[in-house]
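Scroll down for the structure; my scribbles are underneath it.
Nothing in this text is a laboratory measurement; each read-out follows from the coordinates by a stated rule. Nothing here was measured: the structure is a model prediction, and the numbers come from that model. Positions of Cβ are backbone-derived with ideal geometry, glycine not excepted, and every protein chain shown enters the neighbour counts.
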Amino acid sequence: MADNPKLRILREKAMKLPLTPGVYIMKNKDGEIIYIGKAKKLKNRVSQYFGSQSGHSTKVRKMVEKVCDFDYILTDSEFEALVLECSLIKQNMPKYNILLKDDKGYSYIKITKGDYGRISACFRKDDENAEYLGPYTGNFSVTNAVEQAAEIFMLPTCNKVFPRDIGKGRPCLNFHINRCSGVCQRKISKQDYAENLKQAVEFLKGGSTATVNRLKAEMEEYSDNLEFEKAAKVRDKIKAIERIMSRQKVVVNDSVNEDVFAVAQRGEKACLSVLSFRDGLLSSAEHFILDASDNLAEMRSELVSSFYTMERDIPPLIVLDGEMNDAELIAEFLTQKRGKRVTVFVPQKGEKAKVSAMCLNNAAQKLGEYLGRSGKETAVLDELAKLLGLPKSPEYIESYDISHTAGSDNVAGMIVFRNGVPLKKAYRRFAIKGFDGQDDYGSMREVISRRLNRYVEEKDTNEGFGVLPDLILLDGGQGQVNAVKPIIEAFGLDIPVFGMVKDGKHRTRAISGTGEEISINSSRAVFTLISQIQEEVHRFAITYHKAKHTKRSVSTTLTSIDGIGEKKAQLLLKHFRTMRAIGEATVNELYNVKGISRTDAENIYRYFHSVRA
């Protein structure tokens, strides 16, 4: 691509740009805007696109292929460039910018009329005879509120129609677990049901605190009037509200407003999750599926900017799951837009770190659902990446183990885990050829060297050895890691390598690779994954070693017979499969093997039968 004349022309134009802040606008052959970006130094940033393409992500390379020209607008500061960039992106919606579609719309709470009215969440007013609360932004909070109200005030959520279905059929599970008043079983009067529905609507309108205060006053009034049964029913409603409120995730205190961002990536796709907390409680959860990026810090910057270009409430605190480019600049932009100070924060520990982890787990779950994989598997890879300090989640992991008997029959096994599960068709076996005797480090160097040579030969296929791993795990400690790192560097590759360290009982204990051991006991999910990988690679390597050792032992036994060499021994094993079958064969059966003479057959028969005698 370096010889592309179009790129040379564009680079020459870019090199004439000033070293000042501004916005650049990429256009295709039809003059359509396909990408908008900002830069502190326009010349440096824009010229990078049209130089070597090897350092660019797939997405950037595709964009550059489409660029036929670019415009630019100079600004007085980088902050002005950011504001202008956000405005132009919102106006033009370029194809290669990160665009978060604002599809929240509006939600309503519907209250049907009649003797047995119902409450439900909906997106539009479609019933003239119903009452509606709203509109509200975000369906999550509306659905959650309706579910809470139905649980507290024991309203039915089944598909039965009342009064038509009263007395028909058995009650549902909610009745048995005391979450429904049992209208279908005539367990509640029409008047009491109407009162419950009224209180549920008041709860939805006024919130939990106001409802609890009103119910407490009502309970005291019933108690004063010695109406203890009614007081007990009100008490149960208060307890139900308090139980539900205790299930809510409180960040720090009851007054915290913040948005929490986290990004999970797998292959070419990513998921942004945003959890919004208002007054300390989760009020909405949004998820966006988009193209992945090689630079997560840059991606977070684009995501946060894009998120708030839409008409959204900006809280005073933005919590991120990792570092973001231009964090101070974006905080200043959001502060100006909100009219009050906005802080951007990456928590390392404490409650906010827990909430950030919860947001990342949500992103992994949603991405797993989108890609058809388990969210649990995708989440553990994100956790492993953080633990090892990897730039991205290791979607493709290779693991190696050496097996031998006192230096003989040296072999190695290579297994592959893709997306957290074994990819058995990619498993490979290696017979050590470079030397005899025991040298685990030398064996590992030979295996990694042979594997990478195959990559050089097959990289264009993008299959088998033509795929580079995101992570290599060796069965062993720092010594194994130190032995293979120079091999990888000699190939000009940057593949993270770590060793899997065992304890005295041959169980996984830690990971080594940075000069010190990294404990994995604190993360149950990572510990389970690494243990599974270590056990699987050990099983695969030792199974191959045993088969090779047994084959060599059998071959040695046969070659001790007069006239039988290695070639004839292999012919016999291929024909009879086992030593027992050879030993039980008659002379004629042995003679029928192609390549075995009558004399050979008699010698074999005599050998086995003389031994038995």
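Of note:
- Sequence-distant lysines (8 or more away, or on other chains) whose Cα lies within less than 24 Å of Lys340: Lys90, Lys352
- Subset of Lys59/Lys459; Lys125/Lys366; Lys62/Lys269; Lys59/Lys95; Lys41/Lys269; Lys113/Lys160 violating a 22 Å alpha-carbon distance limit: Lys125/Lys366; Lys41/Lys269
- Taking 7 Å steps out from each Cα toward its Cβ at Thr528 and Arg61 produces label points 3.7 nm apart.
- Estimated from the Cβ-Cβ distance and a Förster radius of 30 angstrom, the FRET efficiency linking Phe435 and Glu566 is about 0.90.
- Contact order relative to length of the chain, as percent, for alpha carbon pairs under 8 angstrom and 6 or more apart: 7
- 0 to 90° range, to nearest 10: angle between helix 440-458 axis and the chain longest Cα axis: 70
- Of Lys16, Lys43, the sequence from fewest to most neighbouring Cβ atoms within 10 angstrom is Lys16, Lys43.
- Taking a point 7 Å from the Cα of Tyr396 along the Cα-to-Cβ direction, the residues of segment 450-477 with backbone N closer than 15 Å to it are 451-473.
- Coarse-grained scattering of segment 107-247 at q = 0.10, 0.18, 0.20 Å⁻¹, given as base-10 log I(q)/I(0) from a Debye sum over alpha-carbon atoms: -0.35, -1.11, -1.31
- Taken over the chain, the ratio of Cα radius of gyration to 2.2 N^0.38 Å equals 1.37.
- Surface/4 of the Cα convex hull for segment 561-613, nm²: 3.1
- With 0.36 nm allotted per residue and the present C-alpha distance subtracted, the Asp76-Phe491 stretch has 144.8 nm of extension available.
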